[in-house]
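Peer 1: One structure is given below, represented as structure tokens, and several questions about it will come after.
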Amino acid sequence: MKSAISRRQFLIGSSAIVAAGTLQRIPATPLSPSVNLIKSALGQSEIPMPAAPIRMSSNENPWGPSESALAAIKAAIHEAHLYTFYLQDEMAGLIGELEEIGSEHISVAAGSGEILKMGGLLASMQEGSIVVPDPTFEDLPQYASNNGCDVIRVPVNRQLAIDLESIASAIRSDTKLVYICNPNNPIPTIVEKDALRDFVLEVSRDRMVFVDEAYHEFVDNPSYSSMMDLVREGHRNIIIARTASKIHGLAGLRVGFGFSHPDLAAEINRRMTGTLNIVGMRAALASYRDTEHAAHVLSTNKEALDITQGFLREAGIRHIDSNANFTFVETGHDIDEVQARFLEHNIQVGRPFPPFRNWMRLSMAKPNEMRYFVQTYKKLYG
């Protein structure tokens, strides 16, 4: 079917689709490091192999919860017999205060995954399609597909960035939802803020637009902006997801948030499963009040990226400059082989993301653990 939206309806100039996470343009043979591999990445001494595998595969926070969150977790054990109903308003109030948005816009969920599934459910309740970039985070498109929705996948562009113009062209008259993960995952590019705002405003006139901002807190790039203002302004058909899993280190406790127009938020809230747990809620309440821990996570993530991406640049290895807590690296070898070789050195690296089987998503661990990664990379492929 022909696209329901003209490319000219939202003015996306040639510069508007450029991802601020850039592809390092380095010739082929990515696993042939240069002679002058940076000594600063490793220091002078050999780093011993750790006793247990280092997880560089799932974009988890290597520092875990804050001290205040850990204290809240311990205390919450004594509330395990209680339901979380009375805490949901407190949580929504706190998040609303931090984001400067009314709590009537907020859905408190068992991880942002539940918000993603609600988006997939709402889109699939009527026969039709959704449009997503490819590759991207799969929770929403998989759930929509499992519920009978036709998933239209739009490949990223040559810079491995989300291509808004191509996504707009792929929209059909039966398209119920368009999903944008910003920063994207597994490729940590961003969509330029003005282009994304124009796109969301235009597309959401006739269908839902879901913007997944799981890595929002990690972005330090003037070309990026959250789309939260559009929800604050009262626009309908827009859903934004955030999570406590990443910068707050609460992935195992499942706390996340949706932001939308009050009418849409009410519909989402009516359909959620109610699987919130009191330990996760108490931990999140404490963590969102703890700005020092978040600052520490951000500073050490930057240090880890500097170590890793500095090595990759000097070694001549193609990769994406990160806007999150992971990078995307062209290895030149099938990911199954790369995983196996690194696991021999107690490093777990990212899973396959077809069609990019010769690329590796690499999650940032602690800075010295990333030095060990660089050391191991040299041994394996130097």
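Peer 1: Kindly list, by first and then second residue, each pair from a residue in the range 357-382 that is closer than 18 Å to LYS302 by Cβ to a residue that is among the acidic types (Asp, Glu) and surrounded by fewer than 21 Cβ atoms within 10 Å (Cβ to Cβ), limited to pairs with Cβ atoms under 7 Å and residues at least 6 apart or on different chains.
Peer 2: What qualifies is SER363/GLU60; PRO367/GLU303.
Peer 1: Among the residues of the range 115-167 satisfying the criterion of being crowded, with 18+ Cβ neighbours inside 10 Å and polar (S, T, N, Q), which is nearest to SER322 (Cα to Cα)?
Peer 2: Per the stated criteria, the residue is THR136.
Residues checked against (1) of a type in the set (Val, Ile, Thr); (2) outside the structural domain of PRO183 (by TED's automatic domain parsing); (3) in contact with a strand residue (DSSP E or B) (Cβ under 7 Å, 6 or more places away or on another chain):
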residue: GLY120; (1), (2), (3): no, no, no
residue: ILE130; (1), (2), (3): yes, no, yes
residue: THR136; (1), (2), (3): yes, no, yes
residue: ASP139; (1), (2), (3): no, no, no
residue: TYR143; (1), (2), (3): no, no, no
residue: VAL156; (1), (2), (3): yes, no, yes
residue: LEU160; (1), (2), (3): no, no, yes
residue: ILE167; (1), (2), (3): yes, no, yes
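Peer 1: Of ARG318, ARG282, which residue is closer than 19 Å to HIS248 by Cβ and among the charged types (D, E, K, R)? Walk me through it before giving the result.
Peer 2: On the way: ARG318 fails: closer than 19 Å to HIS248 by Cβ.
Criteria check complete, one pass: ARG282.
Peer 1: Looking only at the range 93-117, count every residue that is closer than 18 Å to MET228 by Cβ and in contact (Cβ under 8 Å) with a residue 40 or more places away in the chain and tell me the total. I'd like the intermediate steps shown before the answer.
Peer 2: Filtering the range 93-117 for residues closer than 18 Å to MET228 by Cβ gives 93-109, 112, 115-116.
If we keep only those that are in contact (Cβ under 8 Å) with a residue 40 or more places away in the chain as well, we get 94-95, 98-102, 104-109, 112, 115-116.
Result for the range 93-117: 16.
Peer 1: Restricting to the range 103-120, name every residue that is of a type outside the set (S, T, N, Q) and farther than 9 Å from ALA241 by Cα.
Peer 2: Scanning the range 103-120 gives GLU104, HIS105, ILE106, VAL108, ALA109, ALA110, GLY111, GLU114, LYS117, MET118, GLY119, GLY120.
Peer 1: Of the residues in the range 208-245, how many are in contact (Cβ under 8 Å) with a residue 60 or more places away in the chain and within 17 Å of LEU140 (Cβ to Cβ)?
Peer 2: 10
The values are calculated or read from the model by the stated rules, or taken from the named source; none is laboratory data. In this text the structure is predicted, and so the values were computed from the model without any measurement. All Cβ positions, glycine included, derive from the backbone under ideal geometry; neighbour counts span all protein chains shown.
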